[in-house]
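I have placed the structure first, in the form of C-alpha cells, so that the comments after it can refer back to it.
The values are calculated or read from the model by the stated rules, or taken from the named source; none is laboratory data. Values in this document were obtained by computation on a predicted structure and should not be read as measured data. Here the Cβ positions follow ideal geometry from the backbone for every residue, glycine too, while neighbour counts run over all protein chains shown.
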Amino acid sequence: MELSYQEKLTLIKLRDLKKAKFEDLVKETGLDQVAVMRAVLWLQSKGLAKLHERQKRIVRITELGRKYAKIGLPERRALKLLVERGKVSLDELKEVLSEDELKPIVGILRREGWANVRKEDGKLVLEVTEKGRTAISEERPIDKALKILAEKGEVEAKELEKLIPIKELKSRKIGEEDTKAEREVEITEEGMKLAGSGLELKEEVSVLTPELIKSGEWRKVEFKRFNIQAPVRRVYPGKKQPYRVFLDKIRRKLIEMGFIEMTAESLIETQFWNFDALFQPQNHPARDWTDTYQLKYPKYGSLPDEELVEKVRASHEHGWTTGSRGWGYKWDPRMAMLLMPRAHATALSARQLGEGVQIPGKYFAIQRVFRPDVLDRTHLIEFNQVDGFVVDESLTFKHLLGILKRFAVEIAGAKKVKFLPDYYPFTEPSVQMSAYHEELGWVEFGGAGIFREEMTKPLGIDVPVIAWGIGIDRLAMFKLGIDDIRYLFSYDLKWLREAKLIW
C-alpha cells in the first residue's frame, strides 16, 4: 500500500497513541492542521484509521463576564452597599454601579427578595431585607457559573445547565453560546499491523527544481504523489455578481446587433422629459405622488430651449401641426420643471430624439428607475429597465413584435411568450408582453408600441419609431432560474457563490 510521507508519519504517531484528540495528533506530528486532516482522511479511506467527530455546545465567557468575575455582579455590589448602610437611594447606588447597571437593578433586587422599595420625599429608596442580609454570604447558581467560566474560559453547556439555564447567562451578557467540533482519531487493527511492519520515513520532494536535475539528485529522492481526487477545503474564487453578468451580456448583445447605447449623467429627471416630452398629460394619474417619487429639495429643474418647449406645449394643448386635437387643457411649464427620480428609462429615449438621431437608427438604454410599489416576489421599488427604439421610414408593428419575441426567447430563455393589447399615452398601437415562468406562471415584463406623432414631431422626428420598455430584472429571473426578484440584489452568500453565471 502506497502512503505519502505525511500519512506514514501520522500512522506511526497513531501507533504509539492508539487513540488521540486531533489537536494532540497535530502536536505530535509537527505538521499543520490541514496536512494532518488530509492524512487522516486518506488513512481512513484505506481502512488504517478512524476519525470520530461530534458537535458539542459550549459557553464562552464574555468581556463583561470577565469584568464581573473581578468586581462582582451589579446586584452583589448593590447588596453589599445596602447591608453596610441599611437603606440607600438610587443616587447613592451610583457609587458602585454604572448608569447601564443602574437601570435593571431595582427589579433584580426585588426579584431576589433582597430589598424593599418605596418613595421618600419623592425619591426612590431601597431598604435591605433579612433575606438580603443572609444572602451576602451565600453563593447563587449564577455566581458559581460565573466562577467556572472565569476559571476555564469556555465550558461545555451541559455542565453549566446543571446550575443555571444558558439563556440567563446570555441575557445577562455574561456568556455566549457556540458550537464546537470535537475530533478524535483512532488507529485500526490493519493500521497497527502496517505501522509495526517497519515503515520507512523518507522526505518527499514536491517540486522538481533545476538544481535537482543538474546535480542528478532527482534519481535519489522520492517524489510526492498527488491525488487529484483528494478531499480539500472548498474555495470560492472571486467572480462577478450574477445579475451584473446578465446585464453586461444584454448590453454586449444589443451593441453587437448595431444598437447605440444612451447614457444618463443622473438618476434625477425633470417631469418635462419623464412625462411631457412623451405626450403624457399633466393631469394623468401616473404623475400623481402615489405612482412616482418627487424631490423635496431641490424641487425644480430647468427646461430645454424655448422652441422645443413651445412645440411640446402646443402638442399637449391642441395637437400642434400633427392633425391631433391634443389633450385640450392649459399646459403648465412650472409643473414640467418639477424634479423626480426617473420613473422609466423612456425618458432617455425622449432626450435622444430631441437631440437628434440617425435615420435609420437603433438606440437602447439600461437604466435604474424608481416607482412606489409593494415589495414582493415580482416587484421592486428600485429596478433596472431596458428601453430602446428603432427609427426608420419602413417600420411596422410586426417589426416591433419580432424584436420583443427575440428578447424573450433568445436573451431570457422564455419558452412561451404572448402579446396583449395595452394603452400608453405616448404609443399607438400599444402592446404588453408576458412570458411563462414555471414557478410564477405568466409574468408581465414589457410594454411597447409605435411612438405617437404628437410625441415625435415636436422632437423633430417625422418617421415611424417603434419603442419598448422591458423590466430587465424580470427577464433575469428567467435566465438565472430564480422565483423571487429580490434575490437579484441579495447579500445571501450561498446564492452568490452557487448562482450560475450567464455568458
With 84, 2, 53, 7 as the choices, which residue is assigned to a loop (DSSP other than H, G, I, E, B) and either surrounded by 13 or more Cβ atoms within 10 Å (Cβ to Cβ) or not β-branched (Val, Ile, Thr) (or both)? 2
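Residue-wise test of (1) closer than 29 Å to residue 154 by Cβ; (2) without any contact (Cβ under 8 Å) to a residue 12 or more places away in the chain; (3) touching an Asp or Glu at 6+ places or on another chain (Cβ under 8 Å); (4) not assigned by TED's automatic domain parsing to the domain that holds residue 21.
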| position | (1), (2), (3), (4) |
| --- | --- |
| 32 | yes, yes, no, no |
| 44 | yes, yes, no, no |
| 48 | no, no, yes, no |
| 51 | yes, no, yes, no |
| 91 | no, no, no, yes |
| 94 | no, yes, no, yes |
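Out of everything in segment 360-383 that is of a type in the set (A, V, I, L, M, F, W, C) and surrounded by 14 or more Cβ atoms within 10 Å (Cβ to Cβ), what residue ends up being farthest from residue 341 (Cα to Cα)?
Step one: of segment 360-383, the residues of a type in the set (A, V, I, L, M, F, W, C) are 364-366, 369-370, 374-375, 380-381, 383.
Next, only the ones that are surrounded by 14 or more Cβ atoms within 10 Å (Cβ to Cβ) stay: 364-366, 369-370, 380, 383.
On the way: 364: 19, 365: 16, 366: 15, 369: 7, 370: 6, 380: 15, 383: 12 Å.
Among those residues, the one meeting the criterion is 364.
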Segment 390-420 - residue that is among the aromatic types (Phe, Trp, Tyr) and touching a residue at least 60 places away in the same chain (Cβ under 8 Å) and, of those, farthest from residue 449 (Cα to Cα): 407
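May I ask you to verify whether residue 470 is under 23 Å from residue 317 (Cα atoms), part of a strand (DSSP E or B), among the β-branched types (Val, Ile, Thr) and in the same structural domain as residue 402 (by TED's automatic domain parsing)? So that I can check it myself, show each step before the final result.
Numbers: under 23 Å from residue 317 (Cα atoms): no; part of a strand (DSSP E or B): yes; among the β-branched types (Val, Ile, Thr): yes; in the same structural domain as residue 402 (by TED's automatic domain parsing): yes.
Spelling it out, it is not the case that residue 470 is under 23 Å from residue 317 (Cα atoms), part of a strand (DSSP E or B), among the β-branched types (Val, Ile, Thr) and in the same structural domain as residue 402 (by TED's automatic domain parsing).
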Condition set modelled with pLDDT under 85 and surrounded by 15 or more Cβ atoms within 10 Å (Cβ to Cβ), scope segment 410-423, selection farthest from residue 390 (Cα to Cα): answer is 414
Can you spot a residue in segment 424-440 that is modelled with pLDDT of 85 or more, assigned to a helix (DSSP H, G or I) and either more than 34 Å from the chain's Cα centre (by Cα) or among the β-branched types (Val, Ile, Thr) (or both)? no
So which of 313, 342 is without any contact (Cβ under 8 Å) to a residue 24 or more places away in the chain and surrounded by 15 or more Cβ atoms within 10 Å (Cβ to Cβ)? 313
Looking only at residues in segment 197-256 that are outside any helix (DSSP H, G or I) and of a type in the set (S, T, N, Q), which one is farthest from residue 48 (Cα to Cα)? 241
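Looking only at segment 316-339, count every residue that is polar (S, T, N, Q) and either in a helix (DSSP H, G or I) or surrounded by fewer than 18 Cβ atoms within 10 Å (Cβ to Cβ) (or both) and tell me the total. Break it down stepwise before answering.
Going residue by residue through segment 316-339, those that are polar (S, T, N, Q) are 321-322, 324.
Still in the list and also either in a helix (DSSP H, G or I) or surrounded by fewer than 18 Cβ atoms within 10 Å (Cβ to Cβ) (or both): 321, 324.
Final tally of qualifying residues: 2.
Among the residues of segment 432-466, which ones are closer than 21 Å to residue 479 by Cα, touching a strand residue (DSSP E or B) at 6+ places or on another chain (Cβ under 9 Å) and either free of Cβ contacts under 8 Å to residues at least 12 places away in the same chain or not small (Gly, Ala, Ser) (or both)?
To start, the set of residues in segment 432-466 that are closer than 21 Å to residue 479 by Cα comprises 432-447.
From the residues that got through so far, the ones that are touching a strand residue (DSSP E or B) at 6+ places or on another chain (Cβ under 9 Å) too are 432-437, 442-447.
Of everything in segment 432-466, those that are closer than 21 Å to residue 479 by Cα, touching a strand residue (DSSP E or B) at 6+ places or on another chain (Cβ under 9 Å) and either free of Cβ contacts under 8 Å to residues at least 12 places away in the same chain or not small (Gly, Ala, Ser) (or both) turn out to be 432, 433, 436, 437, 442, 443, 444, 445.
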Residue 206 passes all but one of the listed conditions (1) surrounded by 12 or more Cβ atoms within 10 Å (Cβ to Cβ); (2) among the small types (Gly, Ala, Ser); (3) within 30 Å of residue 14 (Cβ to Cβ); the exception is number (1)
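From the list 130, 120, 190, which one is assigned by TED's automatic domain parsing to the domain that holds residue 26 and either out of contact with any Asp or Glu (no Cβ under 6 Å at 6 or more places or on another chain) or of a type in the set (Ser, Thr, Tyr) (or both)?
Values: 130 fails: assigned by TED's automatic domain parsing to the domain that holds residue 26; 120 fails: assigned by TED's automatic domain parsing to the domain that holds residue 26.
Of 130, 120, 190, the one residue that is assigned by TED's automatic domain parsing to the domain that holds residue 26 and either out of contact with any Asp or Glu (no Cβ under 6 Å at 6 or more places or on another chain) or of a type in the set (Ser, Thr, Tyr) (or both) is 190.
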Are any of the residues in segment 333-352 modelled with pLDDT under 90 and farther than 19 Å from residue 262 by Cβ? no
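Criterion first (in the same structural domain as residue 451 (by TED's automatic domain parsing), modelled with pLDDT of 90 or more and more than 35 Å from the chain's Cα centre (by Cα)) does residue 312 satisfy it? Give the steps one after another, and end with the answer.
Details: in the same structural domain as residue 451 (by TED's automatic domain parsing): no; modelled with pLDDT of 90 or more: yes; more than 35 Å from the chain's Cα centre (by Cα): yes.
Spelling it out, it is not the case that residue 312 is in the same structural domain as residue 451 (by TED's automatic domain parsing), modelled with pLDDT of 90 or more and more than 35 Å from the chain's Cα centre (by Cα).
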When segment 71-80 is examined, which residues are found to be assigned to a helix (DSSP H, G or I), surrounded by fewer than 17 Cβ atoms within 10 Å (Cβ to Cβ) and either aliphatic (A, V, I, L, M) or free of Cβ contacts under 8 Å to residues at least 40 places away in the same chain (or both)? 71
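Just checking, which of 184, 176, 101 is surrounded by 13 or more Cβ atoms within 10 Å (Cβ to Cβ) and either among the β-branched types (Val, Ile, Thr) or in the same structural domain as residue 83 (by TED's automatic domain parsing) (or both)? Even if it seems obvious, please write down each step before you answer.
Working: 184 fails: either among the β-branched types (Val, Ile, Thr) or in the same structural domain as residue 83 (by TED's automatic domain parsing) (or both); 176 fails: either among the β-branched types (Val, Ile, Thr) or in the same structural domain as residue 83 (by TED's automatic domain parsing) (or both).
Exactly one of 184, 176, 101 is surrounded by 13 or more Cβ atoms within 10 Å (Cβ to Cβ) and either among the β-branched types (Val, Ile, Thr) or in the same structural domain as residue 83 (by TED's automatic domain parsing) (or both), namely 101.
Quick check on my filter: what residues within segment 262-280 are assigned to a loop (DSSP other than H, G, I, E, B) and surrounded by fewer than 18 Cβ atoms within 10 Å (Cβ to Cβ)?
Within segment 262-280, the subset assigned to a loop (DSSP other than H, G, I, E, B) is 262-267, 275, 279-280.
Within segment 262-280, 263, 264, 265, 266, 267 qualify.
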